[in-house]
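Report on the structure given below.
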Amino acid sequence: MTLAFPMSRKRFADLSEQEVMALAISSEEDDARIYRNWAQHLRDDYPATAAIFEAMGAEEDGHRRQLLDAYEARWGRAIPVIRREHVAGYYSRRPAWMMDNLSLETIRAEAAGMEREAAEFYARAAQGSGDAGIRKLLGDLAAAERGHEGLAGDLAEAHLDPEARASEDAANHRSFVLTWVQPGLAGLMDGSVSTLAPIFATAFATQDPWTTFLVGLAASLGAGISMGFTEAASDDGIVSGRGSPIKRGIASGVMTAVGGLGHALPYLIPDFWTATTIAIAVVFVELWAIAWIQNRWMQTPFWRATLQVVVGGGLVLAVGVLIGSG
């Protein structure tokens, strides 16, 4: 039999000065590890930004050594085990598995937020310190954390020359396109085009809007689930570099369902011809949107995208109408 004991969390205001210092030491160690993990994660595709995070990790190590020296001089070498999760209301960090799939811009924004939170912590801790030396150290660290935005800028100038920044921006754009745009576009095309024939065949065969809606709903959701699982299972993204299979599966599945539902939802209107007119108008909006996305994100010439999508979709629509009418 296993007994579970609820974890007691202490308020920051109730921490002793020794506990505050122990918390600061463990926090600096954690932040240094986060920066180094980001550096390792980004090194292959974004080497210049990885160098920045390596330098920031080294800076956090320096802060930890300063804190350790001050702690040992006051209380000795035994440090209480106290971490962020032990303190109610204390700022937290994402777990490692939530950080691995962050985009480059999100990582940069996350780092800025980390420095801001650390600065606020040191400023608050300094106000509650009764030791002049520790109070000065904590105040200096608060100022240092606030100045890390400037440090990041200096490091960016040193490591991110225009060529390196352009290369990293291009890699970031490519990652976004491969992970989100391409599978989402494939899903939208499949959902918009493949459901045309069954929906409009049902519509013209039965001239019953509710039956047509149910067929469209089933076809759209079924296609979305199928496309989502197929995309996620077909490629883990490691060799191809297409990113997280879960993200790609979500993009493909959701956009497939959206593409089919766009021209199924008008059949909630009881009048058959009104619903059909609106549904056909929605189809052409969807097809033109697909052509625009292909031109905007996939660099496909607009005339070619129009020929592939609008003409192809129009043919599938015509097939559905003809079969349903026959």
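Observations on the structure shown:
- Within the range 111-131, residues that are surrounded by fewer than 17 Cβ atoms within 10 Å (Cβ to Cβ) reach partners that are assigned to a loop (DSSP other than H, G, I, E, B) and modelled with pLDDT of 85 or more with beta carbons closer than 9 Å, at six or more positions or on different chains, in the pairs 128/15.
- Inclusion of residue 260 among residues that are out of contact with any Asp or Glu (no Cβ under 6 Å at 6 or more places or on another chain) and at pLDDT 85 or above is warranted.
- When residues in the range 102-141 are screened for being under 30 Å from residue 244 (Cα atoms) and either hydrophobic (A, V, I, L, M, F, W, C) or not in a helix (DSSP H, G or I) (or both), 8 of them pass.
- Residues (surrounded by fewer than 24 Cβ atoms within 10 Å (Cβ to Cβ) and closer than 17 Å to residue 202 by Cβ) located in the range 249-263: 261, 262
- Of the helices (runs of 4 or more DSSP H) lying entirely inside the range 166-235, those containing at least 2 residues that are modelled with pLDDT of 90 or more and buried (at least 22 other Cβ atoms within 10 Å of the Cβ) span 196-206, 209-234.
- Scanning the range 290-307 for residues that are in a helix (DSSP H, G or I) and either surrounded by 16 or more Cβ atoms within 10 Å (Cβ to Cβ) or in contact with a Pro (Cβ under 9 Å, 6 or more places away or on another chain) (or both) gives 290, 291, 293, 294, 295, 297, 305, 306.
- Any hit, the range 13-30, residues being outside any helix (DSSP H, G or I) and either surrounded by 14 or more Cβ atoms within 10 Å (Cβ to Cβ) or without any contact (Cβ under 8 Å) to a residue 12 or more places away in the chain (or both): yes
- Here 278, 323 are screened, and the one residue that is under 13 Å from residue 200 (Cα atoms), among the aliphatic types (A, V, I, L, M), surrounded by fewer than 17 Cβ atoms within 10 Å (Cβ to Cβ) and modelled with pLDDT of 90 or more is 278.
- Residues (at pLDDT below 80 and surrounded by fewer than 16 Cβ atoms within 10 Å (Cβ to Cβ)) located in the range 78-101: 88, 89, 91, 92, 94, 95, 96, 97, 98, 100, 101
The values are calculated or read from the model by the stated rules, or taken from the named source; none is laboratory data. The model shown is predicted, which means the values in this text are computed figures rather than measured ones. Note that each Cβ is placed from the backbone with ideal geometry, even for glycine, and that neighbours are counted across all protein chains shown.
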